[in-house]
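Peer 1: Below you'll find the structure I mean.
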Amino acid sequence: MKTEQSIAIMKALADQSRLAIVNSLLESSQYVEELAKRHALAPSTVSFHLRKLEQAGLVTSRKEQYYVVIQANDAIFDTTLREIVSATPVGRELQDSRMEDYRHKVLDAFFRHGRLEKLPAQHKKRLIVLEQFAARFEPERRYSEQEVTGLIMPLFDDYCTIRRLLVDDGLIRRDGATYWRKPKVGEPAGQPALPVPGGKGAGNMRKVTKRSEIKRAYKQQAPAMGVFQIRNTANGKIYVGSSRNLEGERNSRLFQLKMGKIVFNRELQQDLTQYGADKFEFTVLAVLDKPEPEIDVEPALAALELHWLEQLQPFGEAGYNSAKGYRRSLEQLQTRGGVKLP
């Protein structure tokens, strides 16, 4: 589920009147007028609340002769709270980068020429500093007090205070006169200690290194981009689309199908209402090669989507895509130039 969907659900339920209406609809489908009488609300007020609930996918409506019948969307109410709140965080790489920049600023502020000038008063900053001392301990190796002193003294004279704080904050462990560090999750035993913060200019070097690391991590961990199709197995009609995050797209579309609410295509919504979510399947048609972080992938992604639209022709009775939209996108791509269909 996308973050926007989770927020919409939470906002829709954050109202006492809407909660009461939902509870009534969970018992049985009802008309707007029935809901208005039951909850002593004006029909216009009920209609307002129902629009909010329908936008979040919590309720659906259907017309019966002269009346509109409202019913709860059972699919979404069968969804767990964990699924609703576990939306993928936005900009995770950017958040991690900011935290790492903050960490380096703290180290640059308290270390000079590889030595700690003073301990930070703030606990959060002190932990960042203490991690530099803990990193000098080889994971799982046992150290005597004399050896611990030898590790601390090159960075700070008050080795007794540092040793005590390392133990108190759980960064190293002690058993009598023996000290050791447990490796972090995923850290192999015997990993070399982190380098001691340097003097002037070390911060800039770290930032350059961090940018290179982020670039490399992007290439390795960036989500797969490409073209997908949603196929109606009952009548064979398909919808073709593209995404910068195929896995996220898959989860989002399958969740929408499960809820019975498709907002991006009217014809697909009609067939979903008629046939049900079990008659639809999501398939990846092609994956785009991962580019460098600074390269704009939109033209290549658009060209790949147009290629599959040309191949499958999911228009009219064959699918849910718009032939006019396809031709318009093709003209835009040709006008832009520099990108050809695969």
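The values are calculated or read from the model by the stated rules, or taken from the named source; none is laboratory data. This structure is a prediction, so every number in the text was calculated from the model and none was measured. Virtual Cβ from ideal backbone geometry, glycine too; neighbours counted across all protein chains shown.
Peer 1: What residue, of Ala277, Ala224, is of a type in the set (A, V, I, L, M), over 18 Å from Ala323 (Cα atoms), in contact with a helix residue (DSSP H, G or I) (Cβ under 8 Å, 6 or more places away or on another chain) and modelled with pLDDT of 90 or more?
Peer 2: Ala277
Peer 1: Of the residues that make up segment 313-326, is at least one under 20 Å from the mean Cα position of the chain (by Cα), at pLDDT below 95 and either surrounded by 17 or more Cβ atoms within 10 Å (Cβ to Cβ) or within 30 Å of Ser6 (Cβ to Cβ) (or both)?
Peer 2: No, there is no match, as no residue in segment 313-326 is under 20 Å from the mean Cα position of the chain (by Cα), at pLDDT below 95 and either surrounded by 17 or more Cβ atoms within 10 Å (Cβ to Cβ) or within 30 Å of Ser6 (Cβ to Cβ) (or both).
Peer 1: Which residues, counting only those in segment 259-307, are surrounded by fewer than 19 Cβ atoms within 10 Å (Cβ to Cβ) and either among the basic types (Lys, Arg) or closer than 18 Å to Gln5 by Cα (or both)?
Peer 2: Within segment 259-307, Gly260, Val263, Phe264, Asn265, Arg266, Gln269, Lys279, Lys290 qualify.
Peer 1: Within segment 106-129, restricting attention to residues that are assigned to a loop (DSSP other than H, G, I, E, B) and charged (D, E, K, R), which residue is farthest from Leu171 (Cα to Cα)?
Peer 2: The initial filter retains those residues of segment 106-129 that are assigned to a loop (DSSP other than H, G, I, E, B), namely 113-114, 117-122.
When the remaining residues are screened for being charged (D, E, K, R), the result is 117-118.
Working: Glu117: 21, Lys118: 19 Å.
Ranking the qualifying residues of segment 106-129, first place goes to Glu117.
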